[in-house]
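Inspection log for the structure reproduced underneath, given as structure tokens.
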Amino acid sequence: MTTTALGSTPFTGRRRELGEIQRALTTARCVTLIGFGGAGKTRLARQVLRELGATTTTWWVGLGDLRDPATVHLTVAEALGLHPHPGTSQVRLLAESIGDQPAVLCLDNCEHLLDSCTVLVAELLASCPGLRVLTTSRQPLGLAGELVYRVPPLALPGPEDDLDALRSSEAVALFAARAAEALPGFEVDHANAAAVARLCTELEGVPLALELAAARIRALSPQEMLAARVARWSYSAPCSPGSATATGCSAAATWTPPTGSGPWRPRSPGATTSAPARSSCCGSGCRFSLPGSTSVTPSTPAPTHSSPARR
Ligand SMILES: Nc1ncnc2c1ncn2[C@@H]1O[C@H](COP(=O)(O)OP(=O)(O)O)[C@@H](O)[C@H]1O
Ligand SMILES: [Mg+2]
């Protein structure tokens, strides 16, 4: 189940999502991965880019630390190795540099810079015919033609699964991998399998929640974590729109530092898309792109996509 090393921790599962997102990028020029903090958007996007990078030019731009919306263009230019002189058009420089080549640009963590990102993506897609854009955000950009993909939780073990099947379910595999990093020698065995499966199910397959629980394995066995869950997880945090379920959001919030689950920032005045176009796509169950009002319009009707529920 664990397939590819990326950064300091191995990447787990997500074969179906990787295929769906790569296919989506062949039909839509802008694909946005949405979900609450800790859902696995960034990790999935990095893996998509890593796999596409074998055959296509790709660029990764992390916007999570950026606070000033006015610097989005410059940040992207610098990530592409460009150094615009004051007074030059950053978007023109970017468009000239990208040109007609087939390429994928990923903008990670757009949620607090939606308007700037929307403007930039619209400008680049209009100028660069071979460009596709993958973004991650808690909220869709609201761009016409944008395909919104809700990142589902990791697949959970089934109630009838034997030990092998249970170990290879995505949620258990991630929990076990991180627990083994924290406590070398840890493995899911007959003695703890039921508790691990239950734990993963109660954490609803949310990657960050699983990681944070696994990090406690030196102090608590899976059975003890489970026994402590009422105190630890009954706390109810306000859910971001776009969360998988209220319970999952609550669990993630309990285990998550504040940066991962804060409220959305208000949109700035002069936005390029209507507020309803964005917010209406963030209720639970909505996995479809919505028409915006920017100039990038696909020649075909707005694509739709659904990621079926995982068990
Ligand atoms: N498929 C995966 N395999 C391994 N680790 C994952 C996977 N998905 C998420 N994670 C880990 O879970 C944590 C939260 O994921 P992240 O992508 O940062 O969430 P988001 O971008 O939605 O806030 C990170 O530490 C990340 O490395
Ligand atoms: Mg992220």
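Data table
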{"quantity": "Options VAL121, VAL148, VAL133: the member that is among the aliphatic types (A, V, I, L, M), modelled with pLDDT of 95 or more, touching a Cys at 6+ places or on another chain (Cβ under 8 Å) and not in a strand (DSSP E or B)", "calculated": "VAL121"}
{"quantity": "Close pairs (9 angstrom Cβ cut-off, 6 or more residues apart or separate chains): in the same structural domain as GLN101 (by TED's automatic domain parsing) and part of a loop (DSSP other than H, G, I, E, B) in region 47-71, within 14 Å of ligand 1 (Cβ to nearest atom) and among the polar types (S, T, N, Q) anywhere", "calculated": "LEU63/ASN109; GLY64/THR42; GLY64/ASN109; GLY64/THR259; ASP65/ASN109; LEU66/ASN109"}
{"quantity": "Number of the condition not met by GLY37 [criteria: (1) in contact with a strand residue (DSSP E or B) (Cβ under 6 Å, 6 or more places away or on another chain); (2) within 15 Å of ligand 1 (Cβ to nearest atom)]", "calculated": "(1)"}
{"quantity": "Test: residue in region 105-113 that is more than 18 Å from the chain's Cα centre (by Cα) and either of a type in the set (Ser, Thr, Tyr) or buried (at least 22 other Cβ atoms within 10 Å of the Cβ) (or both)", "calculated": "no"}
{"quantity": "Meets criteria (touching a residue at least 12 places away in the same chain (Cβ under 8 Å) and within 15 Å of ligand 1 (Cβ to nearest atom)) for ILE21", "calculated": "yes"}
{"quantity": "Selected residue (criterion: nearest to ALA155 (Cα to Cα)) from residues of region 179-204 that are out of contact with any Phe, Trp or Tyr (no Cβ under 9 Å at 6 or more places or on another chain) and assigned to a helix (DSSP H, G or I)", "calculated": "THR201"}
{"quantity": "Any hit, region 130-153, residues being on the phi < 0 side of the Ramachandran plot, more than 14 Å from ligand 2 (Cβ to nearest atom), free of Cβ contacts under 8 Å to residues at least 40 places away in the same chain and touching a Leu at 6+ places or on another chain (Cβ under 8 Å)", "calculated": "no"}
{"quantity": "Any chance PHE36 is assigned by TED's automatic domain parsing to the domain that holds GLU111, under 11 Å from the mean Cα position of the chain (by Cα) and of a type outside the set (S, T, N, Q)", "calculated": "yes"}
{"quantity": "Every residue from region 40-89 that is at positive phi and away from ligand 1 (no atom under 13 Å from the Cβ)", "calculated": "GLY81, GLY87"}
{"quantity": "Selection count where residues are under 20 Å from ARG14 (Cα atoms), assigned to a helix (DSSP H, G or I) and touching a helix residue (DSSP H, G or I) at 6+ places or on another chain (Cβ under 8 Å), scope region 156-176", "calculated": "8"}
{"quantity": "Flag if GLY19 is under 16 Å from ALA155 (Cα atoms) and either within 11 Å of ligand 2 (Cβ to nearest atom) or part of a loop (DSSP other than H, G, I, E, B) (or both)", "calculated": "no"}
{"quantity": "Conditions (1) under 30 Å from PHE36 (Cα atoms); (2) surrounded by fewer than 14 Cβ atoms within 10 Å (Cβ to Cβ); (3) in contact with a Cys (Cβ under 8 Å, 6 or more places away or on another chain); number of the one not met by VAL61", "calculated": "(2)"}
{"quantity": "Any chance LEU82 is over 24 Å from GLN22 (Cα atoms), in the same structural domain as ILE21 (by TED's automatic domain parsing) and in contact with a helix residue (DSSP H, G or I) (Cβ under 9 Å, 6 or more places away or on another chain)", "calculated": "yes"}
{"quantity": "Among residues of region 100-128, those that are away from ligand 2 (no atom under 16 Å from the Cβ) and either in contact (Cβ under 8 Å) with a residue 40 or more places away in the chain or within 20 Å of ASP65 (Cβ to Cβ) (or both), counted", "calculated": "14"}
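The values are calculated or read from the model by the stated rules, or taken from the named source; none is laboratory data. Computed from a prediction, not measured in an experiment: that's the story for all the values here. Note: ideal-geometry Cβ built from the backbone for every residue, glycine included; neighbour counts use all protein chains shown.
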